[in-house]
1. Give me, ordered by chain and number, the residues 5 or more places off residue 336 or on other chains with an amide H under 5 Å from its own placed amide H.
2. When the Karplus curve 6.51 cos²θ - 1.76 cosθ + 1.60 is applied with θ = phi - 60°, which whole-Hz ³J(HN,Hα) does each residue of the stretch 460-471 get, with x for Gly and Pro?
3. Taking amide H atoms as placed 1.01 Å from N in the peptide plane, list the residues 5 or more away in sequence, or in a different chain, whose amide H sits under 5 Å from that of residue 231.
4. In Å, what Kirkwood hydrodynamic radius results for the stretch 310-358 from the alpha-carbon pair distances?
5. Tell me, what HN-Hα J-couplings in whole Hz come from the Karplus equation 6.51 cos²θ - 1.76 cosθ + 1.60 at θ = phi - 60° for each residue of the stretch 299-314, using x for Gly and Pro?
6. Compute the normalised compactness of the stretch 224-361: alpha-carbon radius of gyration over 2.2 N^0.38 Å, N being the residue count.
7. Give me the number: length gained by fully extending residue 235 to residue 152, i.e. 0.36 nm times residue separation minus the C-alpha to C-alpha distance, one decimal in nm.
8. Go ahead and estimate [θ] at 222 nm for the chain from helices alone: -39,500 (n - 2.57) per DSSP H run with n ≥ 4, summed, over the residue count, rounded to 500.
Amino acid sequence: MSDQMLGYVVVFGTFIAFLWIAYATRAKVADDFYVAGRRVHPIWNGMAIGADWMSAASFISMAGALAALGYDGLAFIMGWTGGYVLLTLVIAPYLRKFGKYTASDFVGDRYESHVARVVSVVCAITISLCYCIAQVAGAGLIMSRLMGFSMNVAIFIAIVIVVASTVMGGMKSITFTQCAQYIVLIIGYLIPITAICFQMYGHPFSQLAYGDVLAKIVAKEQELGFKTLYIEPFTKMNAVDMWVLTLILMIGTAGLPHIMMRYFTVPTVRDARYSSGWALIAIGALYISAPAYAAFQKYTILYKIVGEKIAEMPAWVTAWGKAGLITIKDANADGILQYAELSIHRDVVVLSMPEIANLPYFVSAIVAAGGLAAAISTADGLLMVISSAFSHDIYYRIINPNASEKSRVILGKSLIGVSACVAGVIAAQNIGFIVQIVAWAFSLAAATFFPVIVMGLFYKRTNKEGAITGMILGLLITIYYIGAVKFGWPHKLSPVFGIKDMGAGLFGMTANFLCCAIISQFTPPPSEKTMEMVDHCRYPVKLSSDFDSFH
């Protein structure tokens with residue numbers, strides 16, 4: 001069997017398995033479609049959250065960001081893992097106590113306003129679409145390089161698979177499909193780094209070899225006369241930018257609508273907390289390995305590539321060069337590769353590791369399957385948010401409260417396909433690194449959902465005027481900052497305090513919190529019924545007949 005055919009068998013074999021699981025667990029009623037019937041065990045929910053969370057950015061781009069940024073790249077590790085602690089303590093159990101379908105449900109009911117619900121839906125769609133673009137782009141990158149498809153064809157295939165697995169059963173099928181996808185992606189991620197560690201150190205624990213590899217990297221950099229070292233802090237970002245990015249990634253994690261939806265699928269508040277614990281275990285298996293991935297790749301470049309004849313580069317360098325993701329420019333025309341003459345796209349660090357370790361092509365196929373599983377599992381959840389936003393939060397809760405379950409589910413399924421096509425068209429434009437696009441989504445989440453949910457849970461005086469103004473300003477300020485700093489639209493803006501586009505959410509979040517606090521003081525307070533709803537969400541026992549009738 002040829003390598004390409006083997007890749008097809010492995011990748012499409014896993015796809016067929018995912019689709020079979022989706023079909024076997026398909027939903028037929030609204031409760032199953034939107035919240036998996038609220039019967040998901042915390043362990044399975046934790047695995048599903050892990051797959052939902054570990055997107056193409058985590059699988060493909062995070063190690064690449066660490067390789068490119070060194071110490072400063074640890075902002076992604078600290079922010080994305082720390083966010084789950086914040087989510088577990090501040091949001092997850094209270095949203096599950098609330099007990100509806102979506103984050104926009106909470107906003108609409110907490111602030112007693114259809115306008116607030118619509119604004120939150122716009123925010124949810126913007127966040128989810130931005131995030132989904134990165135997943136589709138990641139899937140396209142994997143299939144275009146490892147399976148020989150053009151980028152547009154690869155994106156089309158990814159969209160078809162995502163839509164098929166999501167449409168069949170909504171949240172119920174997504175949950176069990178994501179459990180299978182987690183198993184595939186974690187195996188695909190760990191095999192190459194484990195193998196190369198075994199080759200170099202005689203044991204499979206790359207995390208334990210990490211320190212020694214860093215020491216060798218620093219020694220080589222000093223030998224080559226590098227002005228800044230890989231382990232040196234604040235060389236690619238200033239201190240303010242790094243810590244702001246860490247904060248925004250953490251807060252954005254707690255404000256992501258597709259992650260919040262997962263906490264509506266478990267039976268109890270206690271299960272919501274346990275789900276986060278299991279999710280952290282699932283996520284940790286990948287996240288503690290990502291720095292080692294970056295270090296081993298950096299070591300390979302410095303010791304086995306730099307200083308060698310350009311005409312005799314390893315096959316993997318040539319192959320990724322043909323894909324346009326590794327560039328060599330012999331600036332001094334001496335035929336020897338200098339470090340400054342090599343440019344490596346961040347998103348190839350993980351994908352190239354099987355070739356660096358001289359592993360069989362079968363392993364590359366497993367990595368491809370794992371990366372695609374990561375991208376598709378997250379895209380499933382994001383498309384579910386967009387679908388639910390229209391079919392449940394807008395159509396059912398505002399336009400037609402008497403809509404049948406069948407019509408709501410049909411509308412939801414139709415919107416999944418439309419949303420996926422929009423994400424695919426934008427992904428084909430190659431607007432940025434995958435991890436960068438994902439960071440924008442986190443900034444948007446931190447600037448919109450997090451403030452109004454936290455204030456809604458812990459400050460009863462917060463009202464609809466404050467929340468609506470806060471969400472609108474948070475969204476617009478964040479979009480403006482990203483556009484002006486990154487793209488020069490509507491005009492070029494220099495980073496404020498050195499905070500680049502990925503930390504844009506800080507400004508929108510600050511405006512949102514201030515609006516919620518200040519405007520609420522000068523406008524009428526929420527109703528007594530809303531106050532009781534807040535008490536119900538925050539305290540285990542406190543219920544009232546008024547709230548029961550409202551809920």
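1. Residues meeting the amide H criterion: 310.
2. 5, 6, 4, 10, 5, 4, x, 5, 5, 4, x, 5
3. none
4. The Cα-based Kirkwood calculation yields 11.3 Å.
5. 4, 4, 4, 6, 9, 10, 10, 5, x, 8, 5, 4, 6, 10, 5, x
6. Working it through for the stretch 224-361, the quotient is 1.44.
7. Additional length available on full extension: 26.3 nm.
8. Details: 23 runs with 376 residues, N = 551.
Result for the chain: -22500 deg cm²/dmol, rounded to the nearest 500.
Computed from the coordinates by the stated procedures, all read-outs in this text should not be read as laboratory data. Values in this document were obtained by computation on a predicted structure and should not be read as measured data. Glycine also receives a Cβ, built like all others from the backbone with ideal geometry; neighbour counts cover every protein chain displayed.
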